[in-house]
Amino acid sequence: MTARIIDGKALAVQVKQEVRREVEKLSAAGITPGLAVVLVGDDPASRIYVRNKQKNCEELGIISEVYHLPATTGEEELKALVGRLNKDPKINGILVQLPLPAPLREEEVTLLINPEKDVDGFHPMNLGRLLRGEEGIRPCTPAGIMALIKASGVEVTGRECVVVGRSNIVGKPVAQLLLQEHGTVTICHSRTKDLAAITSRAEILVVAVGKAGLIDGTMIKPGAVVIDVGMNRLPTGKVVGDVDFSSAVEVAGAITPVPGGVGPMTIAMLMKNTVMAALAQNGAKFGKD
């Protein structure tokens, strides 16, 4: 058996088509959604991510403002910028690109962003809404993962779901989203004993640890849906996931590739979150006339 490939690029195109329709509705009402991205320092990966975000905004008719600050930027200067963006009526979403150079503290900066403009979904208020099952902005990668699982055709309800990784950015939020869809969820991490015994029970397996090839085909239940969040660059320059694709694809029922799986969906969900924020700030909801 060879797994069906869950095409994140194709699904991202569908999501962005939905976003474009919402942008057109807002435009008809004289509103143009706006996203501000703050980049501190010159991390090469971060610069690529920011360029991709800019490109997607331009394609969808979203205002894109990028603030590129030197790595020497102090906390007070960054706080002042975020404060101005919070008050700027043409900016509906604010994203501070992570990681931040030391000594800047990510937790402190996240708290500064108005929760209504927190399109990353990392503000404690938005994470609290997620925990309570209330409506609100969801972190982009976990939201994208849920869309990919849905695209696989597998219902989450009643399924045994395993999340490998417990980060605040992916592992914990996606576990909550799976719970909300009535999955039975186990979270694994670096201190989990006999990881293979747990992953091999999973009907839905999400792997997000940043370790190339951590999960291979022997650790996967036949027919499982496998979502690989990892993006690891090998010494050869090749980018691979946390799942050994060549062995996993022979066992899984459906699997995301790396690249071309979760990555495109993360950016698509950021665009959706920005438009959702613009709609909410103007008393409307995504997908509602």
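Quick note: the coordinates plus some simple rules give every number you see, no bench work behind them. A quick note: this is a predicted structure, and the numbers were derived from the prediction, not measured. Glycine gets a Cβ as well: all are built from the backbone with ideal geometry, and neighbour counts include every protein chain shown.
Of note:
- A helix-only calculation puts the chain at -12500 deg cm²/dmol for mean residue ellipticity at 222 nm, using -39500 (n - 2.57) for each DSSP H run of at least four residues, averaged over all residues.
- Residue of Leu69, Leu270, Leu85 that the Gaussian network model of the chain assigns the largest fluctuation, springs spanning Cα pairs under 10 Å: Leu69
- Counting only Cβ charges, +1 for Lys and Arg and -1 for Asp and Glu, the dipole size of the chain around its Cα centre is about 240 debye.
- Model label sites at Glu77 and Thr157, defined 7 Å from Cα along the beta-carbon direction, differ in position by 5.4 nm.
- Per residue, the average separation of C-alpha pairs within less than 8 Å and at least 6 apart gives the chain a relative contact order of 23 percent.
- Cα centroid of segment 111-131 to Cα centroid of segment 233-283, whole Å: 21
- A viscosity of 1.002 mPa s and a temperature of 20 °C, combined with the Kirkwood radius over Cα pairs in Stokes-Einstein, give a translational diffusion coefficient for the chain of 109 µm²/s.
- The length gained on full extension between Ser167 and Val239, counted as 0.36 nm times the residue separation minus their Cα-Cα distance, comes to 23.8 nm.
- What the phi angles of segment 5-11 give under the Karplus curve with 6.51, -1.76 and 1.60, with θ = phi - 60°, is a coupling list of 7, 8, 7, x, 5, 5, 5 Hz, glycine and proline written as x.
- Interchain or long-range residues, amide H under 5 Å from Val66's placed H: Val37
- In percent, rounded to a whole number, the relative contact order of segment 140-263 is 23, using alpha-carbon pairs under 8 Å and six or more apart.
- With all projection directions averaged, the alpha carbon convex hull of segment 1-92 covers 8.4 nm².
- Other-chain or far-sequence residues with amide H under 5 Å of Lys221's (modelled H): Ala202
- Counting only residues at least eight positions apart within a chain, or on another chain, the aspartates and glutamates with an alpha carbon under 15 Å from that of Lys117 are Glu65, Asp88, Glu135.
- The string of couplings for segment 249-256 from the Karplus curve (6.51, -1.76, 1.60, θ = phi - 60°) is 5, 7, 10, 5, x, 8, 8, 8 Hz, one whole number per residue in order, with x for Gly and Pro.
- Under 5 Å from the amide H of Val40 lie the amide H atoms of Leu69, Gln97, each residue being 5 or more positions distant or on a separate chain, with H modelled from the backbone and absent for Pro and chain starts.
- Put simply, when 116-122, 98-104, 9-15 are sorted by average Cβ atoms within 10 angstrom per residue, most first, you get 116-122, 9-15, 98-104.
- Straight-line cross-link partners of Lys221 among the lysines, defined as a Cα under 22 Å from its Cα and at least 8 positions apart when in the same chain: Lys150, Lys193, Lys211.
- In order along segment 184-193, the Karplus-derived 3J(HN,Hα) couplings, from 6.51 cos²θ - 1.76 cosθ + 1.60 at θ = phi - 60°, round to 9, 10, 10, 9, 10, 7, 5, 9, 5, 8 Hz, and Gly and Pro are given as x.
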